[in-house]
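S.K.: After the structure tokens below, expect a handful of questions from me.
The values are calculated or read from the model by the stated rules, or taken from the named source; none is laboratory data. In this text the structure is predicted, and so the values were computed from the model without any measurement. Cβ: placed from backbone, ideal geometry, glycine included. Neighbour counts: every protein chain shown.
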Amino acid sequence: MPGLGQAYNNKYWKIPIIYGGGLIVGYYINYNNQLYKQYRDGLIAIIDQDDRTQPFDPNLDIKVYQRAVDYWRRNRDLLMIGAALLYVVNIVDAHVDAHLAEFTIEDDLTLHLEPSVGQTAMNTNVIGLSLKLKFN
């Protein structure tokens, strides 16, 4: 269930973000699906050659309906992939956070930014900065 890993790690502030993101993605999936169905039904009404079925906007031609069907279906499908990615990010966040809870930074760990001089493959000197992590 989304958010349980964050609750286990005592990161309760992340739970509303997860559910809020899920609600937003779910809303747009539903919105795109409704428009996809509306244009698909209109396309079917044009193609079936039956006078009893009418598209919701008879002024549009078949190419407009086809483009709209493809557009709204693609958006809906991409949002479904986004929902799956949101769920995976939720799991990865909880997993990484649980492992980092045991990580400690002690006094013997230092980080230094120092100037440095080096040589390239063409034997020319290069001046730069060096970032060094030292374990004492």
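S.K.: I46 passes all but one of (1) of a type in the set (V, I, T); (2) at pLDDT below 90; (3) within 30 Å of M1 (Cα to Cα); (4) surrounded by 10 or more Cβ atoms within 10 Å (Cβ to Cβ); which number fails?
M.R.: Of (1) of a type in the set (V, I, T); (2) at pLDDT below 90; (3) within 30 Å of M1 (Cα to Cα); (4) surrounded by 10 or more Cβ atoms within 10 Å (Cβ to Cβ), only one is false for I46: (3).
S.K.: Moving to a separate point now. Restricting the search to region 9-50, which residues are assigned to a loop (DSSP other than H, G, I, E, B) and charged (D, E, K, R)?
M.R.: K11, D48, D50
S.K.: Moving to a separate point now. Answer yes or no as to whether I91 is at pLDDT 85 or above, of a type in the set (A, V, I, L, M, F, W, C) and over 30 Å from I24 (Cβ atoms).
M.R.: No; evaluated as a whole, the condition is false for this residue.
S.K.: N123 fails exactly one of the following numbered conditions: (1) within 30 Å of I15 (Cβ to Cβ); (2) not in a helix (DSSP H, G or I). What is the number of that condition?
M.R.: Looking at each condition in turn, N123 falls short on (1).
S.K.: Would you please name the residue that is nearest to L35 (Cα to Cα), looking only at residues in region 56-68 that are in a helix (DSSP H, G or I) and either in contact with a His (Cβ under 6 Å, 6 or more places away or on another chain) or not aromatic (F, W, Y) (or both)?
M.R.: Residue satisfying both the conditions and the ranking: A68.
S.K.: Find all pairs meeting these conditions: Cβ atoms under 6 angstrom apart; at least six residues apart or on different chains; first residue within region 93-104 and closer than 17 Å to G3 by Cα; second residue assigned to a helix (DSSP H, G or I) and of a type outside the set (D, E).
M.R.: A94/G5; A94/Q6
S.K.: Looking at region 98-114, is at least one residue surrounded by 12 or more Cβ atoms within 10 Å (Cβ to Cβ) and modelled with pLDDT of 85 or more?
M.R.: Scanning region 98-114 turns up at least one residue that is surrounded by 12 or more Cβ atoms within 10 Å (Cβ to Cβ) and modelled with pLDDT of 85 or more.
S.K.: Let me confirm something: among T110, T53, which residue is over 30 Å from P2 (Cα atoms), touching a Lys or Arg at 6+ places or on another chain (Cβ under 8 Å) and outside any helix (DSSP H, G or I)?
M.R.: None of the other options fit; the residue is T110.
S.K.: Which one is nearest to D61 (Cα to Cα), of the residues in region 29-40 that are of a type in the set (S, T, Y) and buried (at least 16 other Cβ atoms within 10 Å of the Cβ)?
M.R.: Checking each candidate, the answer is Y39.
S.K.: Does L85 satisfy the condition of being out of contact with any helix residue (DSSP H, G or I) (no Cβ under 9 Å at 6 or more places or on another chain) and surrounded by 11 or more Cβ atoms within 10 Å (Cβ to Cβ)?
M.R.: Judged against the criteria, L85 is a match.
S.K.: Now for a separate question. Answer yes or no as to whether I81 is under 23 Å from the mean Cα position of the chain (by Cα) and in contact (Cβ under 8 Å) with a residue 60 or more places away in the chain.
M.R.: Spelling it out, it is not the case that I81 is under 23 Å from the mean Cα position of the chain (by Cα) and in contact (Cβ under 8 Å) with a residue 60 or more places away in the chain.
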